[in-house]
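Please read the structure below before turning to the comments.
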Amino acid sequence: RRALGSLGKSRAKFISAEETTGVTFDDFAGQEYIKRELQEIVRILKNDEEFQDKGIYCPKGVLLHGPPGTGKTLLAKAIAGEAGLPFFAANGTDFVEMFVGVAASRVKDLFASARSFAPSIIFIDEIDAIGSKRGGPDIGGGGAEREQGLLQILTEMDGFKEFTSQVLVIGATNRLDILDPALLRKGRFDKIVRVGLPSKDGRLAILKVHARNKFFRSEKERDALLQEIAELTEDFTGAELQNILNEAGILTARKDLDYIGREELLEALKRQKGTFETGQEDSTEIPEELKLRLAYREAAVAVLACYLPDPFRPFTETDINSITSQPNMRYAETAGRIFARKSDYVNSIVRACARRVIEEEMFGINNMCWISAKATLEASRHAEFLILQTGMTAFGKAFYRKHNDLVPNLAAKLEALRDEYMRYAVDKCSSVLREYHSAVETITALYVKCLISVGLIPSFCADILLEKGQIEASEIWDIYKRAPRIPQPAVNP
Ligand code: ADP
């Protein structure tokens, strides 16, 4: 066995490897039956020969599915920890976000790394990002890319037959419904375990796990308080329960108290639930500047969505009631297939630029922040997709098999062409935003007015709620249609 440290640098970027996780089944509380089922797998993994003699083989794949925060990652780590095996983790989204052609080779890398340390565990979180059903409409790009990655996973899982190269693949998803059925066939992910929301007893048990390193006045008081919280937290996930205890700990420290008390726990619960009344003291936690940036981001995305509607996913009349790490416009998938033209692909590049363009415009290039960071990546991905996979550009007159090993002058050609599309997209996007500047400002003001906060702002901006009453997409359409426009010179592709 080689030391884990020898994992190449390029791999280390997307694979996180641990000699062993140190997590045990004791760290997972509630839903005891899940542990019982998985414990059996651990026993097989540990005494491989004994079980082999009896003809009992370990499943090749275990699929954990259920809502986010219910402990799927924790369980995967516990299997590795209990069996004392190395743990190789990757996220499905990391496979598809990169340069076209990379997904399959990353999957290969992941399996090769795990195999060289076999027996070992592979964990692929958000496996739906790469393993969703094939053949659906796909204008966002990355479809063919995903398919290559998925095929590679299937090949790899079918590949290892002998026990000596035993690698257990654990996948996690909250979208079992969109997984490609090929993944679920015998010999692949043939053990499917649902990890659901905990029951009341389960919640109490989870709270107890996370109270282990916290201070309470007495054991008796702790148990009574946790019991009370367990009763008030129907539909909470393990992750949310853990947050309540952490938040209570922070509040306790802030008040300079020695023990977590009822008041802190209830306050933490309230924060977790996000039930702030406006006007309350805590509700001003989003810094004004961040509010403004988020509001501009939403406004720019909205205006571009109105100007260049996506025929595949027109935006709907839904209430917009939160701001997440991704911009907010809600789209409806069109059921029927639509005839996609080159301009549709080009428009998707333009739309993807909106966040980046507005932030630079309003705040200056030296004053950018993380909220538009992904826009550039997304826009480039759309451009690469158009160039490499649709055959609709000059580049597409020839078909190049190995995208990831482009010979130097081809790579340069691709880059030049991509730059051209990106330049056009940015110019077009700025021009639209300038033309509709008044609409941008009006929509921004609307968002700023509606933004309230819930508790801490995580760096990925997960949970900023808009005030009740919300914003409706129809309101945004209205503003867009009525706003005075400032004519701009034409931007040509
Ligand atoms: P998922 O992978 O399902 O999104 P995670 O495993 O990442 O969820 O859960 C996040 C954290 O929440 C875990 O690290 C753990 O601290 C806590 N947690 C979630 N479910 C449980 C549980 N059943 N028991 C104990 N802790 C839990």
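At a glance:
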quantity	calculated
Total residues in the range 194-208, condition surrounded by fewer than 21 Cβ atoms within 10 Å (Cβ to Cβ) and in contact with a strand residue (DSSP E or B) (Cβ under 9 Å, 6 or more places away or on another chain)	1
Residue within the range 223-232 that is under 28 Å from Gly171 (Cα atoms) and not aromatic (Phe, Trp, Tyr) present	no
Count of residues meeting criterion [part of a helix (DSSP H, G or I) and buried (at least 17 other Cβ atoms within 10 Å of the Cβ)] in the range 18-44	8
Criterion (surrounded by 18 or more Cβ atoms within 10 Å (Cβ to Cβ) and in contact with a Lys or Arg (Cβ under 6 Å, 6 or more places away or on another chain)) met by exactly one of Thr237, Thr233, Thr252	Thr233
Filter result for Ala211 (over 15 Å from Gly30 (Cβ atoms) and of a type in the set (A, V, I, L, M))	no
Matching option when the condition is of a type in the set (A, V, I, L, M, F, W, C) and over 29 Å from the mean Cα position of the chain (by Cα), among Ile34, Ile41, Ile56, Ile79	Ile56
Search result, residues across the range 467-493 that are at pLDDT below 55 and among the aliphatic types (A, V, I, L, M)	none
Test for Leu150: is it touching a helix residue (DSSP H, G or I) at 6+ places or on another chain (Cβ under 7 Å), open to solvent by less than 20 Å² (accessible area, probe 1.4 Å) and either outside any helix (DSSP H, G or I) or farther than 27 Å from Phe95 by Cα (or both)	no
Close pairs (7 angstrom Cβ cut-off, 6 or more residues apart or separate chains): at pLDDT 65 or above in the range 139-156, crowded, with 20+ Cβ neighbours inside 10 Å and of a type in the set (Phe, Trp, Tyr) anywhere	Gly149/Phe95; Glu156/Phe111
Hits in the range 44-58 (condition: in contact (Cβ under 8 Å) with a residue 12 or more places away in the chain and within 19 Å of Phe25 (Cα to Cα))	Ile44, Leu45, Lys46, Cys58
Enumeration of residues in the range 209-221 that are more than 26 Å from the chain's Cα centre (by Cα) and either on the phi > 0 side of the Ramachandran plot or open to solvent by less than 100 Å² (accessible area, probe 1.4 Å) (or both)	Val209, Ala211, Lys214, Phe216, Ser218, Glu221
Selected residue (criterion: most open to solvent (accessible area, probe 1.4 Å)) from residues of the range 1-17 that are at pLDDT 70 or above and not in a loop (DSSP other than H, G, I, E, B)	Ser16
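This table checks each residue for (1) assigned to a helix (DSSP H, G or I); (2) at pLDDT 65 or above.
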{"residue": "Leu257", "(1), (2)": "no, yes"}
{"residue": "Thr278", "(1), (2)": "no, no"}
{"residue": "Ser283", "(1), (2)": "yes, no"}
{"residue": "Ile286", "(1), (2)": "no, no"}
{"residue": "Leu292", "(1), (2)": "yes, yes"}
{"residue": "Ala300", "(1), (2)": "yes, yes"}
{"residue": "Glu317", "(1), (2)": "no, no"}
{"residue": "Ser325", "(1), (2)": "no, no"}
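The values are calculated or read from the model by the stated rules, or taken from the named source; none is laboratory data. Bear in mind that the values here come from a model prediction, so they are computed numbers and not experimental data. With ideal geometry, Cβ positions are generated from the backbone for all residues, glycine too; neighbour counts draw on all protein chains shown. SASA here: full protein model, heavy atoms, side chains in, ligands and nucleic acids out. Shrake-Rupley method; radii C 1.70, N 1.55, O 1.52, S 1.80 Å.
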